[in-house]
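Just below is one structure, and these are the notes that go with it.
The values are calculated or read from the model by the stated rules, or taken from the named source; none is laboratory data. Source: prediction; values computed, not measured. As a convention, Cβ positions derive from the backbone with ideal geometry for all residues, glycine included, and neighbour counts pool all protein chains shown. Only protein heavy atoms, including side chains, enter the accessible area calculation; ligands, DNA and RNA are left aside. Shrake-Rupley method; radii C 1.70, N 1.55, O 1.52, S 1.80 Å.
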Number of protein chains: 2
Amino acid sequence: MRERPKIKDIAERAGVSVATVSRALSDSPLVTTETRQRIHDLARELNYRPNVSARSLRTRRAMSVLLVVRDVGNPFYLDILKGVEATAREAGYSVLMGNTENDPARETEYFNMLRDGHADGMILMTGKLPPAGGGWTGGLARLPVVVALEIIEGAGLPHVQVDNADAAREAVEHLISLGHRRIAHISGPLPELMSLHRREGYRQAMRDAGLDVPDTYEVRGDFLLESGQECCRKLFSLREPPTALFVANDEMAYGAAYELRRMGRDVPGDVSVVGFDDLYLSKAFYPPLTTVGQPRAEIGHAAMGLLLDILSGAEIDCDEPIILPTVLHIRGSTAPPRG
Amino acid sequence: MRERPKIKDIAERAGVSVATVSRALSDSPLVTTETRQRIHDLARELNYRPNVSARSLRTRRAMSVLLVVRDVGNPFYLDILKGVEATAREAGYSVLMGNTENDPARETEYFNMLRDGHADGMILMTGKLPPAGGGWTGGLARLPVVVALEIIEGAGLPHVQVDNADAAREAVEHLISLGHRRIAHISGPLPELMSLHRREGYRQAMRDAGLDVPDTYEVRGDFLLESGQECCRKLFSLREPPTALFVANDEMAYGAAYELRRMGRDVPGDVSVVGFDDLYLSKAFYPPLTTVGQPRAEIGHAAMGLLLDILSGAEIDCDEPIILPTVLHIRGSTAPPRG
DNA sequence: CCAGAAAATGTAATCGATTTCAATGACGCT
DNA sequence: AGCGTCATTGAAATCGATTACATTTTCTGG
């Protein structure tokens, strides 16, 4: 058998019809235990594997889901992917990764993969929907899509997320409790909701402590390393530079810490830095980064679980997002202000 | 048209047969320019997209390739992925990412996806073949698989790689030229060829300089952060610890640098550290890491190009690997030895 | 030992596209 | 007008599985 065997080959060899083979292989109770066993053995012997195209054409199910992120290279997504994969695997689904690089064309493309039958559902972690007009405007709420990490308002999609505002507030309160008064914030891209919420948490902590936030203390980044450096330069060219930074993600925090060292300022001696995400390098960073940890595997697990529910036809309440808890990891990059 | 339109819907609306529609949509010269235009318009209007399962069932082509890595979370793979994707996209292929976590079961699974028709070809970056006996022993050379980064001997597969030994030699020569004599090596997992080659480069540079390499100066890691710390502890509990480390990848180098700081040794004041890979965080690391950079996008580009050649039926000479050049980035983690 | 229900299997339709082969129509040429 | 040629188009087979429906076999009770 040089060619890839098909169900017909097994049927001929076993002396039964293709229907019986199909039923036997899917462990249908309609076939005798003996024939089922015989067919299973034969399938293994021939090293048979069903053709996925044929199967999903007929069943209208691809048995795979799409996990769409901004940037696969971001180590942050790894644990989420693992959580998703483990849950998907249990249910017999495989996971396809999609990488958008914030490119709207690619975002639309992944949505199209849903329609093409490439995948049955999608976990969206880009914070964006494809631009309207591409045929997606209506009926989006009926698509098997779960939004994780990010927030997309008004689309009627189910969400799995953390309380960004609350986590940010906790992080800033940590800085305040160390004695810092002049605390600046490097935010993510605006007006994305995730960035807005983290900024809101920062503002609230400051307000609660009766601290002033001059406009110049809020600078906007884009979550990338270089942007952390750049924002940091801006903040430290101010007349009254901050003594602590709350940075909206770890990657920018790395950039900021690097830039501070370049400017001859010690972290945490001169400036304290808090990040957000707890990338796995953050504890090996110098100094080890104080940062907000998210339950990544659980996020993946919850999102995939929700998607499976939807795929099995359950009605999901989209107004009640699943909120998972964060943990503030206090490490070496924060200390009381000098003097 | 609430349902997803099929080719038949277009055919009815256009008053032609499905055959004509299929031909028109694939821009076959067999249809008049007018009907072709009319059908294209109609397709856009109905927002038609062909069902991939049906198409690939008939054409026996999935128009997608598999990119299999040890660990998607490793930022190292990002640029390679980008190179692969760009090249694939041009040729109309999409890229599916596979993540093995060094789990043989999952490695086999991705190979099976090839047979299932999920993908047409595969770029393998795990350095391993699935265990024999699963029906893969014979005919592997005929599978559309390209090995990138890693090396798999004797399988008759085409390779895209860098000259690991030469790059390692260059890195170690840099340390020697700074005046170091006691240079230790933290290797990758053995007996993987990539690790062996990097170690070989280290040994050769030492030999060429007439330097001794005690057995205790070669410790084996597994490419992960923690292993870098651990190996570092071993080396610095020696009677005569090294003054410089050549570490087989950046991630372990991070771990080693972290551990050195914990032990109160300055990098590069007390100990110089050289890594391998040039992760994008390496330049923001403290101190910025001296490391060997690989042409990642080009590796992805070359591997996908090779795969496309194979898929279009070209005969590939597997004995002549494609070798791409490396660059040693000299940064702040290396300096002359103290005194 | 037979009617009839239940269990096991087979036949053929089906999923939605591509493609082979046949049929049609338009056109030029004698 | 008649015929061959070429350009278009259509009808139907095909890819490899699943499954509705039909059929055969087995079992049960009377």
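A residue that is more than 26 Å from the chain's Cα centre (by Cα), surrounded by fewer than 23 Cβ atoms within 10 Å (Cβ to Cβ) and touching a residue at least 40 places away in the same chain (Cβ under 8 Å) can be found somewhere in the stretch A:181-197.
Let's see how each residue does on (1) of a type in the set (Val, Ile, Thr); (2) within 22 Å of the chain's Cα centre (by Cα):
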{"position": "B:18", "(1), (2)": "yes, no"}
{"position": "B:26", "(1), (2)": "no, no"}
{"position": "B:65", "(1), (2)": "yes, yes"}
{"position": "B:81", "(1), (2)": "no, yes"}
{"position": "B:99", "(1), (2)": "no, yes"}
{"position": "B:103", "(1), (2)": "no, yes"}
{"position": "B:116", "(1), (2)": "no, no"}
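Given B:226, B:192, which one is within 14 Å of another protein chain (Cβ to nearest Cβ) and acidic (Asp, Glu)? Only one candidate qualifies: B:226. In summary, residue A:223 fulfils each of the numbered conditions (1) surrounded by fewer than 16 Cβ atoms within 10 Å (Cβ to Cβ); (2) modelled with pLDDT under 95 with the single exception of condition (1). Being open to solvent by 90 Å² or more (accessible area, probe 1.4 Å) and within 14 Å of another protein chain (Cβ to nearest Cβ) is the filter; apply it to the stretch A:1-35 and report the residue that is farthest from DNA strand C (Cβ to nearest atom). Looking at the filtered set, the residue picked out is A:2.
Residue A:44 passes every criterion in (1) touching a strand residue (DSSP E or B) at 6+ places or on another chain (Cβ under 8 Å); (2) among the basic types (Lys, Arg); (3) farther than 23 Å from residue B:66 by Cα apart from (1).
Surrounded by fewer than 24 Cβ atoms within 10 Å (Cβ to Cβ), closer than 27 Å to residue B:191 by Cβ and modelled with pLDDT of 95 or more: is that true of residue B:265 in this structure? If you could, list the steps in order and put the result at the bottom.
Details: surrounded by fewer than 24 Cβ atoms within 10 Å (Cβ to Cβ): yes; closer than 27 Å to residue B:191 by Cβ: no; modelled with pLDDT of 95 or more: yes.
When the stated conditions are applied, residue B:265 does not pass them.
The sole residue among B:59, B:100 that is open to solvent by 20 Å² or more (accessible area, probe 1.4 Å) and of a type in the set (Ser, Thr, Tyr) is B:59.
All of (1) open to solvent by 30 Å² or more (accessible area, probe 1.4 Å); (2) within 16 Å of DNA strand C (Cβ to nearest atom) hold for residue B:86 with one exception: (2).
Considering only the stretch B:49-62, I want to know if a residue exists there that is under 30 Å from residue B:275 (Cα atoms), more than 9 Å from DNA strand D (Cβ to nearest atom) and of a type in the set (Gly, Ala, Ser). Before you say what the answer is, go through the steps one by one.
Within the stretch B:49-62, the first condition is being under 30 Å from residue B:275 (Cα atoms), and the residues that meet it are none.
Checking the stretch B:49-62: not a single residue is under 30 Å from residue B:275 (Cα atoms), more than 9 Å from DNA strand D (Cβ to nearest atom) and of a type in the set (Gly, Ala, Ser).
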